[in-house]
Amino acid sequence: MTLSLSLSLSLSLCVCVCVCVCVWQVLLVFAKDDAQSNSFCWACERAGFRCNVARTPEAALESFQEKNHDLIIMDHRHSRYFDAEALCRYVYSTCVCVSVVTQRYVENSNMMSCYNELIQLHHGEIRAQIKLRACNAVFTALEQSQEAIEISSEDQIIQVHTHTHTHTHTHTKHKDRRKGSLDVRSTTSRGSDAGSSQRRHSSMARIHSMTIEAPITKVINIINAAQESSPMPVAEALDRVLEILRTTELYSPQLGTKEEDPHTNDLVGGLMTDGLRRLSGNEYILATKQLHHIPGHLTTPLSLNDIPPCIAQTMENEDSWDFDIFNLESATMKRPLTYLGLKIFSRFGVCEFLSCPEATLRSWLQIIEANYHSSNSYHNSTHAADVLHATAYFLCKERVKQSLDPIDEVAALIAATVHDVDHPGRTNSFLCNAGSELAILYNDTAVLESHHAALAFQITTRDDKCNIFKNMERNEYRTLRQAVIDMVLATEMTKHFEHVNKFVNSINKPLAALEENGSFVCVCAGKCILTAPENRILVKRMLIKCADISNPCRPLELCIEWAGRISEEYFAQTDEEKQQGLPVVMPVFDRNTCSIPKSQISFIDYFITDMFDAWDAFADLPNLMQHLDNNFKYWKSLDEKKLHSLRPPPE
Ligand code: AMP
Ligand code: ZN
C-alpha cells in the first residue's frame, strides 16, 4: 500500500485522556470495515485495550458520552461518509477532561504499525497527560484547600510539603516512579472542577500539544515506552539518559573543575564561556576603546600579473601543506592575505563564479586585510592567510570535493578570509567582562564571531569598488551569504564539541558502517550521505574549524611559531586584565609563570586530537596526523624536562 501524506489519505487520531483507568478504552470511528480498521481492532486486542466501533458521528458521540474513551481513532480518508474534523471539534468542545490532543496517523494497515502506534500513545502521550492531570489536581488542591498539602511517596515519605493557612493535611501520593502515575487524594479527578478551571485545563492542553510534536519529545516518549518493558537496571540507566536529554548542553563535556589540569580549565574557561562564570560584581566597566576601525586609505592596487617575483616565489608551493606562511608574511611586509588570496581565489575560479572583475577582488582582499590588526601577535592577517591556506588544502581532498558544490567552495574560501576580521586580540570572555561595546551589541553571545561576519558584509557591500557580490543573482547571493555566516559562526569555540560530535555522528559513523559492507549500493548510499544538504553544512563547519585551529598539525617550526604567537596574545590579555582590575580569564597564561609546553599539551589533548582524528577519517590527512604526533611529542619532551619555554635552551 502506498503511503500518502495528504490529508485525505490520513487517519485522524484524537486522543482524549479522561480518567485513570486500568483498561484503556478505544473508540474506532470508521464508516466501513477495511484493512485499516481491522488492524486497529487487532492491535487493541493484542494490547489488552477495550475497543468499540462506531459507524456514524452520532453513534460515535453516543458511545463516547457513555464510555468516555481514552482514545478515539477517526477515519479521515473519506469525507463523503462524515466530516472527521467537525467530529474532532465537537469532541473537543464537549470534553471536560484534562486535555485533548489530536494527532494524525498516515494510512498504514500493517498490524504491527497500528500496535506500535497504540503502545507509543499509551506510554508516551498518556504518561504526559497523567502528569498534567496530577499537576492540575495539585493546583486544584491548592486553590480549594485551606490546608497544607503534602506530596508523598508510596510509603508516605514526603516529597513536597506546601503550606497554606491551615491545620489538616492533604496528601498527593506519588505511587510509582516508573509508571509516572499520581494518585491525588482529597481532590476528585474527573469533572470535579469543570467550571472554574476549564480555561486552565484547555490552556494546559494547548501547551502540551505544542511540544508534543518536537523530535526530542518523541525521543523521550520512545525511551519511556522502552523503560516500561525493561528490567530495572536498564530502566534506571534510561532514567539517567532522560535526565541528560532534558538539559540543553548536550555537546559540552563536563569538566570536574577541581581535579582537572589548570591549563585545560583555563582554556575551557577562556575559550568556551562568555566570562559569566567568572563575574564577581564590578566587571561591567564600559570599554573606552573603539574596537572597530576602518582605514582611511586603500593601498596601491596590484594584480596577479604584477606580483613582485620574490613574493611570487614564496607562493610557489602554496598547494603544499608544508607551505611556509611566515616567509610570505615577511616578503609581503605583513600583507600575506591579499597576495595569497589572489593566488588561491584565482586557482579556484572565484571571480568567474561570482562574475566579478579581478580588480574588485583585489580591492576586497586589500580592505579585508586592512581590517585585521597587525598589532595582534596571533589574530592578524597572517592567521587569516593561514586559515585560507588550510581551507584551500582541505577543499582539494577527494571526499570534500565529492561532498561540496562550487558555491560551498567559494563560501568556504570567503569565510576563511574574513573569519577573524577586526579581531581585537582579546577573547569573548574578556570583552564580556569588560562590558565592551561589541559585547553589548551582541548580548554577550558569540560576540567576536558575530562581529567578524557582520563587519565582513558591511565592508563588502558598502562600496561597489570592493563588492565582490555585486553581480550575483539574488538567490545565489542569499545562499552564499548564509553559508559564509554559518561557517564564520562555527569558529566559535563554545560550540566546538557540538560541531565535532554532529560531524562524527552524522558523517563518520554512517560512512564507516557503509565501508564495512562495501557493496555497490553502499557507493550510492555513501554519495547520499556526503551530499545531503544538512551534511554538507556539517562538512563545511568542520572544514573551517579544522583550518582555523590547524596550527598544531603544521610542520614543527611553524607550529612552534604559532604557539609563541597565541601565548603572547593571551599574556597581553592577562596583563591588561590585571592592569584594569578585570577578572583574569585564563590565569595560567601569565607571562611570568606559564608553561607553554603544558598549555599546548592541554590544547591538543582537549580540542585537537579527537577533532583531527574525525577529520582525518573523513578527508584522509596522514601528513597532518604525522605532524600532530611529532609536535605533541616535542611539547611532551620539553615538559618532561620541566621547561616552560617554546624551545630548549641552546646547548
Ligand atoms: P579563532 O579566534 O577563530 O582563531 O578561534 C580559535 C581559538 O583557538 C582561538 O580562541 C585561539 O585563541 C585558540 N587557539 C588556536 N591555536 C591555539 C594554540 N596553539 N594554543 C592555544 N589556543 C589556540
Ligand atoms: Zn581564527
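Please specify each residue of region 528-537 satisfying the condition of being in a helix (DSSP H, G or I) and either within 15 Å of ligand 2 (Cβ to nearest atom) or within 18 Å of the chain's Cα centre (by Cα) (or both). Hits for region 528-537 are P533, E534, N535, R536, I537.
Taking each residue of region 70-81 that is of a type outside the set (S, T, Y) and looking for partners that are surrounded by 15 or more Cβ atoms within 10 Å (Cβ to Cβ) and part of a loop (DSSP other than H, G, I, E, B) with beta-carbon atoms closer than 6 Å, six or more apart or interchain, yields D70/W24; D75/F30.
Restricting region 62-76 to residues that are in a helix (DSSP H, G or I) and surrounded by 17 or more Cβ atoms within 10 Å (Cβ to Cβ), the residue that is modelled with the highest pLDDT is S63. Reported count of residues in region 542-566, each being farther than 27 Å from L404 by Cβ, in contact with a His (Cβ under 9 Å, 6 or more places away or on another chain) and near ligand 1 (Cβ under 9 Å from one of its atoms), is 3. Taken over region 538-574, the criterion of being part of a helix (DSSP H, G or I), touching a helix residue (DSSP H, G or I) at 6+ places or on another chain (Cβ under 7 Å), within 15 Å of D324 (Cβ to Cβ) and more than 16 Å from ligand 2 (Cβ to nearest atom) is satisfied by L556 alone.
Identify, from the list K397, K401, the residue that is among the charged types (D, E, K, R), more than 13 Å from T338 (Cα to Cα) and free of Cβ contacts under 8 Å to residues at least 40 places away in the same chain.
K401
In region 473-502, how many residues are part of a loop (DSSP other than H, G, I, E, B) and buried (at least 19 other Cβ atoms within 10 Å of the Cβ)? Steps first, answer last, please.
The initial filter retains those residues of region 473-502 that are part of a loop (DSSP other than H, G, I, E, B), namely 473, 491-492.
Add one more test, that the residue is buried (at least 19 other Cβ atoms within 10 Å of the Cβ), and what stays is 491-492.
Residues in region 473-502 being part of a loop (DSSP other than H, G, I, E, B) and buried (at least 19 other Cβ atoms within 10 Å of the Cβ): 2 in total.
Does at least one position in region 308-324 carry a residue that is in contact with a Cys (Cβ under 6 Å, 6 or more places away or on another chain) and at pLDDT 95 or above?
no
Among the criteria (1) more than 37 Å from the chain's Cα centre (by Cα); (2) among the aliphatic types (A, V, I, L, M); (3) buried (at least 17 other Cβ atoms within 10 Å of the Cβ); (4) modelled with pLDDT under 80, the one V101 does not fulfil is (1). Restricting region 334-372 to residues that are assigned to a helix (DSSP H, G or I) and either of a type in the set (D, E, K, R) or touching a strand residue (DSSP E or B) at 6+ places or on another chain (Cβ under 9 Å) (or both) leaves a set whose member that is surrounded by the fewest Cβ atoms within 10 Å (Cβ to Cβ) is E352.
For region 394-405, the count of residues that are in a helix (DSSP H, G or I), within 16 Å of ligand 2 (Cβ to nearest atom) and either over 28 Å from T574 (Cβ atoms) or under 24 Å from the mean Cα position of the chain (by Cα) (or both) is at least one.
The values are calculated or read from the model by the stated rules, or taken from the named source; none is laboratory data. In this text the structure is predicted, and so the values were computed from the model without any measurement. All Cβ positions, even for glycine, are placed from backbone atoms using ideal geometry, and neighbour counts span all protein chains on display.
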